[in-house]
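Each remark here refers to the structure printed beneath this line.
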Amino acid sequence: MIKSGIDLIRTHRLAEVNPGIRERFIRRVFTAAEQAQARNDNETLSGIFAAKEAVSKVLGTGIGKVAWQDIEILHEPSGEPLVHLHGNAKLVADYKGLTQWSVSITHDGGLAAAVAVAIGDLK
């Protein structure tokens, strides 16, 4: 079985958020490790946000049944993004038999896009 999800976001949306609201939003959406890697960079945060949305689409849940921080996108030193699932996202993936994940993030012209793919055994 192969499942895929995609998402696109305008990077300026995060930059234009009121600073107080932005700080709360970042703490709610991004794990401490994601925040440390992104270093408050709008493009990086937007790419991670798009990747989380894409993963939630693969899971078939959207954000809601799984929390933002249940889906963690961390980058290898090479820059390769990796998917780490926690909480309800992990439970849903396990239930659906999704065991291997790949995510790709790109930025261009004020946009960040992400594609997520998972494979597993049919259940």
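The values are calculated or read from the model by the stated rules, or taken from the named source; none is laboratory data. Just so it is clear, the structure is predicted and the values come from calculations on it, not from any experiment. Positions of Cβ are generated from backbone atoms using ideal geometry, with glycine treated the same way; all protein chains shown enter the neighbour counts.
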Considering only the stretch 89-123, state which residues are more than 14 Å from the chain's Cα centre (by Cα) and without any contact (Cβ under 8 Å) to a residue 24 or more places away in the chain.
-> LEU91, ASP94, THR99, GLN100, ASP108, GLY109
Helices (runs of 4 or more DSSP H) contained in the stretch 1-71 and holding at least 1 residues among the β-branched types (Val, Ile, Thr) | 19-29, 42-59, 62-65
Looking at the stretch 101-123, which of the residues that are of a type in the set (Gly, Ala, Ser) and surrounded by fewer than 19 Cβ atoms within 10 Å (Cβ to Cβ) is farthest from ASN42 (Cα to Cα)?
-> GLY120
Answer yes if at least one residue in the stretch 68-87 is in contact with a Lys or Arg (Cβ under 9 Å, 6 or more places away or on another chain) and of a type in the set (D, E, K, R), and no otherwise.
-> yes
Looking at the stretch 76-88, which of its residues are closer than 14 Å to LYS52 by Cβ and more than 14 Å from the chain's Cα centre (by Cα)?
-> GLY87, ASN88
Does GLU72 count as over 20 Å from VAL117 (Cα atoms), of a type outside the set (A, V, I, L, M, F, W, C) and touching a His at 6+ places or on another chain (Cβ under 7 Å)?
-> no
So which of ASP94, ASP121 is among the acidic types (Asp, Glu) and modelled with pLDDT of 95 or more?
-> ASP94
Any idea how many residues of the stretch 22-53 are among the β-branched types (Val, Ile, Thr) and modelled with pLDDT under 95?
-> 0
Determine which member of the set GLY60, GLY64 is among the small types (Gly, Ala, Ser) and at pLDDT 95 or above.
-> GLY60
Condition set without any contact (Cβ under 8 Å) to a residue 60 or more places away in the chain and either in contact with a strand residue (DSSP E or B) (Cβ under 9 Å, 6 or more places away or on another chain) or buried (at least 19 other Cβ atoms within 10 Å of the Cβ) (or both), scope the stretch 53-67, selection nearest to ASP121 (Cα to Cα): answer is LEU59
Would you mind stating whether ALA89 is crowded, with 16+ Cβ neighbours inside 10 Å, modelled with pLDDT of 95 or more, touching a helix residue (DSSP H, G or I) at 6+ places or on another chain (Cβ under 8 Å) and not in a strand (DSSP E or B)?
-> yes
Within the stretch 26-43, restricting to residues that are free of Cβ contacts under 8 Å to residues at least 24 places away in the same chain and over 13 Å from HIS75 (Cβ atoms), the one that is surrounded by the most Cβ atoms within 10 Å (Cβ to Cβ) is ILE26
